[in-house]
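Taking it in order: structure first as structure tokens, then the write-up.
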Amino acid sequence: MSDDPLAQASQDGEPDGTYVSNYFETRLAHNANRTKIWQHLCNYLQRWVRTDAEVLELGAGWCDFSNNVKAKRVVAMDLDSTVDRAAAAHVEPVVGDCTDLGKFEDGTFDVVFASNLLEHLYRDASDRLLSEAKRVLRPGGRLILMQPNFRLNPGRYFDDFTHVSIFTDQSLQDYLVAEGWKIDAVKPKFMPLTLKSKGGNLTFVVPWYLRSPIKPLAGQMLVVASR
């Protein structure tokens with residue numbers, strides 16, 4: 001999926017996550033199938049995103065979600081400048097710290113989306129991200145998170161050397177509720193863990209996979225919450 005090497009610097013200068021400048025050449029290399037897969041994913045996720053919504057993607061990386069979601073306004077934010085060249089013409093790229101959304105006013109967005117982001121952050125940084133996401137969302141606004149589900153594939157969770165935090169479908173729900181969010185939907189088995197699987201070329205099966213109760217190779221979860 002759209003994994004991201006995001007890490008932030010705390011006020012005392014210590015890293016809050018793991019940011020590696022050549023991550024895109026290792027874990028997040030360009031994949032020709034990515035656009036087709038994300039077109040299918042966004043068609044599915046559109047049920048939680050109105051076409052007149054203002055949307056913010058955090059840890060956007062290659063802007064997979066931002067470039068394919070249908071919305072009135074889409075902002076793609078990442079610590080890496082890849083967003084500048086990856087963003088489609090209609091997407092506003094922003095290079096910056098996803099735990100500090102100070103450049104956005106309160107209640108600016110209807111949806112905040114992040115794919116494979118929280119596992120790259122230590123807890124104090126993810127606390128700030130969730131707090132900032134809630135601040136920039138309008139009342140009733142949605143937070144949509146796609147994440148590796150440790151419970152489904154613990155043996156491969158740390159194949160990504162930048163992962164520093166563990167989440168399961170249950171722990172992520174509990175964490176969000178503790179931070180004041182309301183859970184709207186949970187899909188413990190949503191998508192395979194990575195695009196690098198042997199079936200990565202079979203993009204035409206993605207709509208079936210999303211509809212099917214049977215999820216071979218599932219490693220990603222989906223959690224939708226609202227403020």
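Where strands (runs of 3 or more DSSP E) sit wholly within the stretch 108-227, none has at least 2 residues that are surrounded by 16 or more Cβ atoms within 10 Å (Cβ to Cβ) and on the phi > 0 side of the Ramachandran plot. Would the stretch 61-74 turn up any residue that is surrounded by fewer than 19 Cβ atoms within 10 Å (Cβ to Cβ) and polar (S, T, N, Q)? No, the stretch 61-74 contains no residue that is surrounded by fewer than 19 Cβ atoms within 10 Å (Cβ to Cβ) and polar (S, T, N, Q).
Restricting the first member to the stretch 210-227 and to residues that are more than 25 Å from residue 141 (Cα to Cα), and the second to residues that are β-branched (Val, Ile, Thr), the beta-carbon pairs closer than 9 Å and six or more apart or on different chains are 219/194. The set of residues from the stretch 44-99 being in contact with a Leu (Cβ under 9 Å, 6 or more places away or on another chain), within 25 Å of residue 205 (Cα to Cα) and of a type outside the set (S, T, N, Q) comprises 44, 45, 61, 62, 64, 65, 69. If you check residue 95 against the conditions, is it within 22 Å of residue 55 (Cα to Cα) and open to solvent by less than 40 Å² (accessible area, probe 1.4 Å)? Against the criterion (within 22 Å of residue 55 (Cα to Cα) and open to solvent by less than 40 Å² (accessible area, probe 1.4 Å)), residue 95 does not qualify.
In the stretch 98-107, what residues are touching a strand residue (DSSP E or B) at 6+ places or on another chain (Cβ under 6 Å) and crowded, with 21+ Cβ neighbours inside 10 Å? Once the filter is applied, which keeps residues that are touching a strand residue (DSSP E or B) at 6+ places or on another chain (Cβ under 6 Å) and crowded, with 21+ Cβ neighbours inside 10 Å, the stretch 98-107 yields only 98.
Taking the numbered list (1) under 17 Å from residue 116 (Cα atoms); (2) out of contact with any helix residue (DSSP H, G or I) (no Cβ under 7 Å at 6 or more places or on another chain); (3) at pLDDT below 80; (4) acidic (Asp, Glu) in turn, residue 12 passes all entries but (1).
Looking across the stretch 31-56, just one residue is open to solvent by less than 40 Å² (accessible area, probe 1.4 Å) and basic (Lys, Arg), and that is 34.
The values are calculated or read from the model by the stated rules, or taken from the named source; none is laboratory data. These numbers come from a predicted model, not from an experiment. Cβ sites come from the backbone with ideal geometry, for glycine too, and all protein chains shown count toward neighbours. The area values use the complete protein model at the heavy-atom level, side chains included, leaving out ligands, DNA and RNA. Shrake-Rupley method; radii C 1.70, N 1.55, O 1.52, S 1.80 Å.
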